[in-house]
Amino acid sequence: MAPERSLASLLLPFILSLMSATSVRSSREGFVHCFNLHSKNDTPLSPIIYSPKNPSFASVFDFLVQELRFATPTTPRPQVIVTPRDETHIQSVIYCAKKHDLEIRIRSGGHDFEGASYISEDPFVILDLFKLNSITVDAENAAAWVQSGATLGELYYAISKKSRTLAFPAGYWSTVGVGGHLSGGGYGALLRKYGLAGDNVIDAKFISVDGKILDRKSMGEDLFWALKGAGGGNFGVIVAFKIRLVAVPEKVTVFKVSRTLEQNATKLVHKWQYVAPSIHEDLTMALRINNVKSSQAGKQTISVGFESLFLGGTDRLLSLMQEKFPELGLVRKDCSEMSWIQSVVVLADIYPAGAPPEVLLNRTAAPKQYTKQKADYVEKPMSVKGIEGLWKVFFQIDPESGAMNWTPYGGRMAETSESETPYPHRARNIFMIYEAVNWNEKDGAVSLRHIDWVRKLYKYMTPFVAKNPRSSYFNYRDYDLGINSKGKTSYKEASVWGVKYFRDNFKRLAEVKAMIDPHEFFRSEQTIPPLFGECSNNNGHFVDFFCPHFSMDFGKSASHFAQLLALSSPSGISSPHKFNKLITTLVGLFA
């Protein structure tokens, strides 16, 4: 008998694998058939839907993968990639994915630090929006409609073709997709003057889990609020945003100067903490910190770059800097006057010097690297001693590998309520920190060493950053903060990471989720879970399972709910009588 048991144990994994593969293939084929059946417009479907049998499948998947950690042979691949041309294709994807039990991951630009927009451990479909990239600029009314698949660069360029004195306050990197960036908040060089990208969204076109196409009026203010800072993949598919354009002068001034430790960088960084958040809101003076090779053989030093946009001319800027930050020693030759669109090219730091605005139309200009990033917020200035300790951490990694960007707050950011949008990191902070490490080697040991370093950097910063909770930025998604377990996620479980991104706004977001996507069809490792009133006070999985089926009006089912709580206790169904009572209760609950 022993040999037979041994043979069975050898065959079982093969049989299970074969069954799984058959199930996956059936699901994929069923989805493709369903999509073809329900896509009723005249657009040919061959350049819209890609299965693994399609020779273009791998190139379409890799095209917008910016993070090389998720471009390996072991990276999970989707069953299908769909690149919709209009809303009907998106409606078909949602319908067919639900029918064939497939997750949907929504991608617009591919700048996703944990790959959540194009990776899942469960069978899934990628809804890749990059071909939905139309932009309509209404310069007369200082507004624009932009589809989610457009990049920031495409948006900036389209605005510049209509006006030299209009802009949009979004991110530095032009290859980032509009859909993810705006729906997570989105910040850039204009944040001290005009706030976040999400703060300047005035309408949206959205497709819900049941396929309805909604705008701000039809979706209601709660969902519209949620989409302006927590919308990325959480509630449905954002097809387009209507945005408010902001005024800029015909000429702005940019300066980029660097100082090393030998040039008094430590004291300059210390002083910057007091100056940058309180100086005039027309100036955003960010820091970029790197470790670099020293002029002394075999040694390293720290390079601090002061990279700044000023909404005005050089004379006014020099006067302001001389008054507020003379220690930097800024002089006229450090400053360059240019149009706003030219400043976008310069501050992106991915284009050659003197590049024309047309380079903003290149979706693949940003370098692809192995990276790991994290985020922090600072409420009180670091001491000189704390900054000196930070340099020691930088010296533990290869030159040019480690990086920190410090973005000053104040101005409009200090004037906006924490509950105005889901993005809560406002007046309490003096600046935001982006922590990163980059490397090029594929070797796994090299990757582990670099990731370990950025975690060590993050740990070092613990005493100096926001606490209770230590906060982070949703667009800099970080699975180190915690992830959801597979299946339905409880509010309590998700709060571990959710309050770090959204602070007190997390509960309201979970309530919006319950209204718009109660069965948590749109889900990922850090999806906001639905919160159902009384259900939120119970952590039992039995009740959590039934919560999505409750009416939002609990008054009609309060007595049934109380009975269900009692019956779901460990002894609640210990007899046939109690089991029958449970069934009766459930019938009454769902009646």
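Structure summary
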| item | result |
| --- | --- |
| Length-normalised contact order for the range 406-477 - Cα pairs under 8 Å, 6+ apart - percent | 23 percent |
| The range 351-406: chymotrypsin sites (Phe, Trp or Tyr not before Pro) in DSSP loop, at most 14 other beta carbons within 10 Å | Phe395 |
| Residue-normalised accessible area of the chain, expressed per residue, 1.4 Å probe, Å² | 43 Å² |
| Acute angle (nearest 10 degrees) that the helix 314-324 long axis makes with the longest principal axis of the chain, alpha-carbon atoms | 90 degrees |
| Quarter of Cα convex hull surface for the chain, i.e. mean projection, nm² | 33.3 nm² |
| Loop-located GluC sites (Glu not before Pro) in the range 243-286, at most 12 other Cβ atoms within 10 Å (DSSP) | Glu250 |
| Percent accessible area from carbon and sulfur atoms, the range 35-99, protein chains only, probe 1.4 Å | 57 percent |
| Stokes-Einstein D in µm²/s, Kirkwood radius over Cα pairs - the range 185-255 at 10 °C with 1.306 mPa s viscosity | 118 µm²/s |
| Straight-distance crosslink candidates among lysines, where the alpha carbon sits under 20 Å from Lys333 and sequence neighbours closer than 8 are dropped | Lys251, Lys256, Lys324 |
| Compactness of the range 225-340 - radius of gyration and Dmax, Cα, Å | 18.7, 55 |
| Alpha carbon convex hull of the range 25-129, volume per residue in cubic angstrom | 92 Å³ |
| Debye intensity ratio in log₁₀ form over the Cα atoms of the range 151-273, taken at each q of 0.10, 0.20, 0.23 Å⁻¹ | -0.41, -1.08, -1.28 |
| Angle between the chain longest axis and helix 2-38 axis [Cα atoms, degrees, rounded to 10] | 70 degrees |
| Percent antiparallel among DSSP beta bridges (both partners in the chain, rounded to 5) | 90 percent |
| Volume of the Cα convex hull of the range 96-152, divided per residue and given in Å³ | 91 Å³ |
| With 5 Å bins from 0: P(r) over the range 392-442, alpha-carbon pairs, percent | 4, 17, 19, 15, 11, 10, 11, 9, 3, 0 |
| Subset of Lys372/Lys456; Lys228/Lys500; Lys442/Lys486; Lys99/Lys212 violating a 21 Å alpha-carbon distance limit | Lys442/Lys486 |
| Dimensions in Å of the range 102-219 - Rg and Dmax from alpha carbons | 15.0, 48 |
| Assigned charges on the beta-carbon of Lys, Arg, Asp, Glu; the chain dipole about Cα centre (debye) | 620 debye |
| GluC sites (Glu not before Pro) within the range 346-451, DSSP loop, no more than 12 other Cβ atoms inside 10 Å | Glu441 |
| Alpha-carbon Debye profile of the range 330-431, log10 I(q)/I(0) at 0.17 Å⁻¹ | -1.23 |
| CD proxy at 222 nm, helix term only [per DSSP H run n ≥ 4: -39500 (n - 2.57); per residue of the chain; nearest 500] | -10500 deg cm²/dmol |
| Reciprocal of mean inverse Cα separation for the range 404-503 (Kirkwood radius, Å) | 15.5 Å |
| Approximate spin-label separation Asp62-Thr462, in nm, with each point projected 7 Å along Cα-to-Cβ | 4.1 nm |
| Length-normalised contact order for the range 46-114 - Cα pairs under 8 Å, 6+ apart - percent | 41 percent |
| Selected from Tyr157, Phe61, Gly109, residue furthest toward positive end of dipole (the range 39-176; charges at beta carbon) | Tyr157 |
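The values are calculated or read from the model by the stated rules, or taken from the named source; none is laboratory data. Being a predicted model, the structure only gives us computed values, none of them experimental. Here Cβ is always computed from backbone atoms with ideal geometry, including for glycine, and neighbour counts include all displayed protein chains. Note: accessible area is taken over every heavy atom of the protein model, side chains too, but ligands, DNA and RNA are not part of it. Shrake-Rupley method; radii C 1.70, N 1.55, O 1.52, S 1.80 Å.
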